[in-house]
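Peer 1: Starting off with a structure, shown below.
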Amino acid sequence: MSGASDIAARSGRIRLKIGLRDMGTLLGLLLICVVFASLSDFFLTERNLVNILQQSSINACVAIGMTLVIISGGIDLSVGPTAALTAVVSASMIVGGYPVALAIVVALAIGMACGLGNGLLVAYGGLQPFIVTLGTLSLYRALALIYTGGNPILGVPSSFRVLFQTQVWIFPMPIVVVAVLGILAWVLLAKTPIGEYILAVGGNEEASRVSGVPIARTKISAYVISGGLAALGALILVARLGAAEPTLGNLWELEAIAASAIGGASLMGGKGSIVGTVLGAIVLGAMRNGLTLLNVQAFYQLLATGIIIIAAMLIDRLTRGRE
Amino acid sequence: MSPTGHTDAGTAGGAIPRLSMRGIGKAFPGVQALRNVSFNVARGEVHALIGENGAGKSSLLKVLSGVYRADAGDIRVDGKLVDAASPKAARMQGIALIHQELQQVPHLDVAQNMFLGMPLTHGGVFTDKTQMRARASTALASLDPSIDVTAPIRTLRVAQRQIVEIARALLSDARVIAMDEPTSSLTPREFERLTEVIATLAARGVGVIYVSHKLEEVYRVCTRATVLRDGALVGVVDLANTTEDMLVGMMVGRTIEARAHHGHAGTERVLEISGLGRGHAVRGVSFALHRGEVLGIAGLVGAGRTELVRLIAGVDRADSGTVSLHGRPIRSASPREAIGHGIALLPEERKRDGIVPLRSIVSNMALPAFQRWSRFGLVRTQALRQRVREMTERVGLRPPDIDRPIRLFSGGNQQKAILGRWLMADAGILMFDEPTRGIDVGAKADIYRLIEDLVQQGKSVIVVSSELPEIMRLSDRVLVMWRGEMAGILERADMNESAIMHLAVSGGRPQ
Ligand SMILES: Nc1ncnc2c1ncn2[C@@H]1O[C@H](COP(=O)(O)OP(=O)(O)OP(=O)(O)O)[C@@H](O)[C@H]1O
Ligand SMILES: [Mg+2]
């Protein structure tokens, strides 16, 4: 299994580890790029590659939170509606003339509150994560619809939109933000007690409890992070579209779960990789981008996505071999 | 010392051995688990397979039973080449393995479990329950007729579940049955029962392989023993003319001095328990633990020993009684709170309550201590790894690779790692529930010494153990449990096996 044969590169006190499993995801991504590059001249241009990253950024953002939840032994089906709720509230604040900074803080707070709700129900309500977040999936969506009366909020001013439209070197802001988040999440998982706890609780909850791990706090943290990142994804989308619809974020949960799984997260918990998840999100983005370039119909794009997910899982299973 | 003269009773008189394994090799990434191991079992023989933790015993049995594929060598049953491509294939060819962690489906009944993966059907469609139950009870009749084939497997005791597994092996007409540490959680009486079952198997001509770290048992049950060390064959001996010391010498390659008890108990009362109870499992237990003391807890299985320490450690909640630390009452609603008070428990069930299988040795050993090992929110990896490395050296973890996931280690080495977890934790009161279960004779002596180091530093220790010699070796006093109650506490001067057993069996009440 991946952990057994990590390629460890040591430089002084810093240990950089790239798991074998992440190498596999990277290889898959490169393979997809090679195929599309041979079919379309435009695919490998700098502009298109940046495009792919930009198009993958929202899913990567949401999927990072999803991965933490999955590793902790849970699942968060409510990320899409969480995003919708934060989007409509923050958009209406901005349109209504409140300071942009305040709107962003409120958005993140709502996202984290949605996550907190999930986390409390899972940790203290003794309910299964799938059921809890299936419930809040409807609940948060309903709140978004009720708040807006079902209408989109239009005309988000450019004072907000420019925030995510500036560039750092050749990279648009969303890519930079998600890259920084990825690094933070990686540090969280690899270098902090809470990261160790998330991995331990997902790997064996009872053993963790007996060892004195704060089970409830650990699970709640994962859901709160997931909610916060869903809110951030919503902000990026609102900035891009200049509008917020209460139906936004439909099927985000499935895309995020797919990215996590392609990246090596186990839905049984206890296992997953931030690097892998980000690569997984890019795999999905590159697929969609390439197929669009080739003028493949949306129906077939869906088909291809399905095949990629299943193929990734099969390869994962087969290369792990007999235990 | 060379008892290595291959006696080869397995091929005595030119008879074809029931089982012969020749030149078996098996490598895992970074570890050569088996190298060129040859192994014979005669018809109706009970053959011991012994060696240190990580010597390769379980690996050899897993190769035999098709769980792993060997890199080299061949396996024959009754002279016929066996292709153990999968556990099912091995089973079809007459080989069955009784795993230490029984692989059964808890809510299915006994008969269903016995036919798991090979159900009897009416015309290949509907399962034929009647027929399965009939065949199951026939198979069980000679082993333990008291087992009800319609009872869900989870209602059975471990010993009975083991017998069900053996009966299952008989159903598929097993000619070789291998048992990996079958007695590690059996009571002495259940062990007697298992001995009878094994004798029945041998009388039927089945070749039995018996893995155990308990040498007394090996001498009771087996006629010959194969000794492995570091994946290689050390020798095959006739137990009748091999002393226990010779056997240990072959296993560990050195002699182990048996050290006498060294007391460090003070008079200061560190922990006071009064009237502690939970349901019927534990009732009104009161005692005090002193500074630097090792308190043994003895009793029969089911007497409430494990439950008692779980209550003190906050793993389960007490419904009556108080726990006081240094004279002040404390309340531990969770293990986390108890650990915060400096009270730690090494749990009995390693797999369920102890290890996080996918995580490394470092992560497993540091689990209770990550907060302590971090600064500004980040784990001080270098310092922590250094400490873990020291601790793995002291408990003799093998291989000493602290980044390897714990599930890849042999059972005994997993136990050493979990023990190390609590030795490096900063707890003033340590409770060890069956600390040396599955641990080899050499490592046992090391662990006793580590426990003595703890009390010498002024910590206090409680040891729950089913092995009286272990209790006698370690304890300054021994508390004996009987049916959830405390039957009595014996001082070191009054401590002897018969006194302890008397309390454990009768509760000290006149009969
Ligand atoms: N699946 C695996 N992957 C990698 N290494 C393994 C695997 N299974 C066993 N090993 C290694 O093979 C060696 C032999 O292990 P094995 O489990 O056979 O020991 P054992 O003699 O049964 O020990 P114990 O008495 O502790 O149960 C050990 O070094 C162990 O770490
Ligand atoms: Mg073993």
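Peer 1: Which of the residues spanning region B:213-233 are within 14 Å of ligand 2 (Cβ to nearest atom) and within 13 Å of B:Glu244 (Cβ to Cβ)?
Peer 2: Across region B:213-233, the qualifying residues are B:His213, B:Lys214.
Peer 1: For B:Gly340, indicate whether it is on the phi > 0 side of the Ramachandran plot and not hydrophobic (A, V, I, L, M, F, W, C).
Peer 2: Numbers: on the phi > 0 side of the Ramachandran plot: no; not hydrophobic (A, V, I, L, M, F, W, C): yes.
Considered against the rule, which asks whether it is on the phi > 0 side of the Ramachandran plot and not hydrophobic (A, V, I, L, M, F, W, C), B:Gly340 comes out as no.
So that you can scan it fast, the table gives a plain yes or no per residue for (1) under 17 Å from B:Val41 (Cα atoms); (2) surrounded by 16 or more Cβ atoms within 10 Å (Cβ to Cβ); (3) more than 14 Å from chain A (Cβ to nearest Cβ); (4) more than 16 Å from ligand 2 (Cβ to nearest atom):
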position	(1), (2), (3), (4)
B:Gly66	no, yes, no, yes
B:Pro87	no, yes, no, yes
B:Val110	no, yes, yes, yes
B:Gln131	no, no, yes, yes
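Peer 1: Continuing with this model, one more query. Show me the helices (runs of 4 or more DSSP H) entirely contained within region B:55-119 in which 3 or more residues are more than 16 Å from ligand 1 (Cβ to nearest atom). Let's see the steps before the verdict.
Peer 2: Details: elements: B:57-64, B:87-92, B:110-114.
Correct list: B:87-92, B:110-114.
Peer 1: Which one of the conditions (1) touching a residue at least 24 places away in the same chain (Cβ under 8 Å); (2) among the acidic types (Asp, Glu); (3) not in a loop (DSSP other than H, G, I, E, B) does B:Glu337 fail to meet, given that it meets all the rest?
Peer 2: Unmet for B:Glu337, out of (1) touching a residue at least 24 places away in the same chain (Cβ under 8 Å); (2) among the acidic types (Asp, Glu); (3) not in a loop (DSSP other than H, G, I, E, B): (1).
Peer 1: Taking the residues in region B:24-34 that are at pLDDT 95 or above and away from chain A (no Cβ under 14 Å) as candidates, determine which candidate is farthest from B:Val77 (Cα to Cα).
Peer 2: B:Leu34
Peer 1: State all residues of region A:255-279 that are assigned to a helix (DSSP H, G or I) and either of a type in the set (Ser, Thr, Tyr) or over 10 Å from the mean Cα position of the chain (by Cα) (or both); if no residue qualifies, say none.
Peer 2: In the first step, residues of region A:255-279 are kept if they are assigned to a helix (DSSP H, G or I); the result is A:255-262, A:274-279.
A:Ser260, A:Ala261, A:Ile262, A:Val275, A:Gly276, A:Thr277, A:Leu279, listed by residue number.
Peer 1: Looking only at residues in region B:342-357 that are surrounded by fewer than 23 Cβ atoms within 10 Å (Cβ to Cβ) and without any contact (Cβ under 8 Å) to a residue 60 or more places away in the chain, which one is nearest to A:Gly212 (Cα to Cα)?
Peer 2: Taking the candidates together, the pick is B:Asp353.
Peer 1: Limited to region B:491-503, what total is found for residues that are outside any loop (DSSP other than H, G, I, E, B) and surrounded by fewer than 21 Cβ atoms within 10 Å (Cβ to Cβ)? Spell out the reasoning first.
Peer 2: If we filter region B:491-503 for residues that are outside any loop (DSSP other than H, G, I, E, B), which is where we start, we get B:491-494, B:497-503.
In the following step, the residues that additionally are surrounded by fewer than 21 Cβ atoms within 10 Å (Cβ to Cβ) were identified as B:491-494, B:497-499, B:501-502.
Of the residues in region B:491-503, 9 are outside any loop (DSSP other than H, G, I, E, B) and surrounded by fewer than 21 Cβ atoms within 10 Å (Cβ to Cβ).
Peer 1: Could I ask something else about it? Just to be sure, is B:Pro329 of a type outside the set (S, T, N, Q), outside any loop (DSSP other than H, G, I, E, B) and more than 10 Å from chain A (Cβ to nearest Cβ)? Before you say what the answer is, go through the steps one by one.
Peer 2: On the way: of a type outside the set (S, T, N, Q): yes; outside any loop (DSSP other than H, G, I, E, B): yes; more than 10 Å from chain A (Cβ to nearest Cβ): yes.
When the stated conditions are applied, B:Pro329 passes them.
Peer 1: Those residues that are under 12 Å from B:Ala70 (Cα atoms), away from ligand 2 (no atom under 14 Å from the Cβ) and of a type outside the set (Lys, Arg), I need them from region B:29-60; list them, please. Walk me through it before giving the result.
Peer 2: Of all residues in region B:29-60, those under 12 Å from B:Ala70 (Cα atoms) come to B:32-37, B:59-60.
Then drop every residue that is not away from ligand 2 (no atom under 14 Å from the Cβ), which leaves B:32, B:35-37.
B:Gln32, B:Asn36, B:Val37, listed by residue number.
Peer 1: Can you pull out every residue in region A:203-229 that is in a helix (DSSP H, G or I) and facing chain B (nearest Cβ under 9 Å)? Even if it seems obvious, please write down each step before you answer.
Peer 2: Filtering region A:203-229 for residues in a helix (DSSP H, G or I) gives A:203, A:205-210, A:215-229.
Of everything in region A:203-229, those that are in a helix (DSSP H, G or I) and facing chain B (nearest Cβ under 9 Å) turn out to be A:Gly203, A:Glu206, A:Ala207, A:Ser208, A:Arg209, A:Val210, A:Ile215.
Peer 1: A follow-up question, please. Which residue, of B:Leu408, B:Leu430, B:Leu419, is within 16 Å of ligand 2 (Cβ to nearest atom), touching a residue at least 24 places away in the same chain (Cβ under 8 Å) and not small (Gly, Ala, Ser)? Can you show your working first?
Peer 2: Details: B:Leu430 fails: within 16 Å of ligand 2 (Cβ to nearest atom); B:Leu419 fails: within 16 Å of ligand 2 (Cβ to nearest atom).
Only one candidate qualifies: B:Leu408.
Peer 1: Quickly run through region A:71-108 and pick out the residues that are more than 21 Å from A:Asn151 (Cα to Cα) and free of Cβ contacts under 8 Å to residues at least 60 places away in the same chain.
Peer 2: Once the filter is applied, which keeps residues that are more than 21 Å from A:Asn151 (Cα to Cα) and free of Cβ contacts under 8 Å to residues at least 60 places away in the same chain, region A:71-108 yields A:Pro99, A:Ala101, A:Leu102, A:Val105.
Peer 1: Counting only residues that are modelled with pLDDT under 85 and closer than 30 Å to B:Val301 by Cα, how many does region B:117-143 have? Even if it seems obvious, please write down each step before you answer.
Peer 2: Initially, region B:117-143 is screened for residues modelled with pLDDT under 85, giving B:117-127, B:142-143.
Imposing the further condition that a residue be closer than 30 Å to B:Val301 by Cα reduces the set to B:142-143.
Residues in region B:117-143 being modelled with pLDDT under 85 and closer than 30 Å to B:Val301 by Cα: 2 in total.
Peer 1: If you go through region B:392-400 one residue at a time, do you hit one that is within 23 Å of A:Leu20 (Cβ to Cβ), within 16 Å of ligand 2 (Cβ to nearest atom) and hydrophobic (A, V, I, L, M, F, W, C)?
Peer 2: Filtering region B:392-400 for residues within 23 Å of A:Leu20 (Cβ to Cβ) gives B:399-400.
After this cut, where a residue has to be within 16 Å of ligand 2 (Cβ to nearest atom) as well, the list is B:399.
With hydrophobic (A, V, I, L, M, F, W, C) added as a condition, the list becomes none.
Within region B:392-400 (the criterion being within 23 Å of A:Leu20 (Cβ to Cβ), within 16 Å of ligand 2 (Cβ to nearest atom) and hydrophobic (A, V, I, L, M, F, W, C)), the answer is no, since none of the residues qualifies.
Peer 1: Additional query: Could you tell me whether any residue of region B:74-83 is of a type in the set (Gly, Ala, Ser) and either crowded, with 18+ Cβ neighbours inside 10 Å or within 16 Å of ligand 2 (Cβ to nearest atom) (or both)? Steps first, please.
Peer 2: The first filter runs over region B:74-83 and keeps only residues of a type in the set (Gly, Ala, Ser), leaving B:79.
Now narrow it down to the ones that are either crowded, with 18+ Cβ neighbours inside 10 Å or within 16 Å of ligand 2 (Cβ to nearest atom) (or both): none.
Among the residues of region B:74-83, not one is of a type in the set (Gly, Ala, Ser) and either crowded, with 18+ Cβ neighbours inside 10 Å or within 16 Å of ligand 2 (Cβ to nearest atom) (or both), which makes the answer no.
Peer 1: Can you tell me which condition B:Ala443 does not meet? The list is (1) within 14 Å of ligand 2 (Cβ to nearest atom); (2) surrounded by fewer than 22 Cβ atoms within 10 Å (Cβ to Cβ); (3) aliphatic (A, V, I, L, M), and all the others hold.
Peer 2: So B:Ala443 meets the others, but not (2).
Peer 1: Out of the residues in region B:415-430 that are more than 9 Å from ligand 1 (Cβ to nearest atom) and either in a loop (DSSP other than H, G, I, E, B) or polar (S, T, N, Q) (or both), which is surrounded by the most Cβ atoms within 10 Å (Cβ to Cβ)? Give the derivation first.
Peer 2: So the first thing to find is which residues in region B:415-430 are more than 9 Å from ligand 1 (Cβ to nearest atom), and the list is B:417-430.
If we keep only those that are either in a loop (DSSP other than H, G, I, E, B) or polar (S, T, N, Q) (or both) too, we end up with B:424-428.
Working: B:Met424: 21, B:Ala425: 20, B:Asp426: 11, B:Ala427: 23, B:Gly428: 18.
By that ranking, first place goes to B:Ala427.
Peer 1: Here is a further query. For the subset of region B:365-414 comprising residues that are away from ligand 1 (no atom under 16 Å from the Cβ) and part of a loop (DSSP other than H, G, I, E, B), which member is nearest to the other protein chains (Cβ to nearest Cβ)?
Peer 2: Taking the candidates together, the pick is B:Phe370.
Peer 1: Does any residue of region B:186-206 turn out to be within 15 Å of ligand 2 (Cβ to nearest atom) and either within 21 Å of B:Ile75 (Cβ to Cβ) or away from chain A (no Cβ under 14 Å) (or both)?
Peer 2: no
The values are calculated or read from the model by the stated rules, or taken from the named source; none is laboratory data. If you're wondering where the values come from, they're calculated on a predicted model, not measured in any experiment. Please note: Cβ atoms are built from the backbone with ideal geometry, for glycine as well, and neighbour counts cover all protein chains shown.
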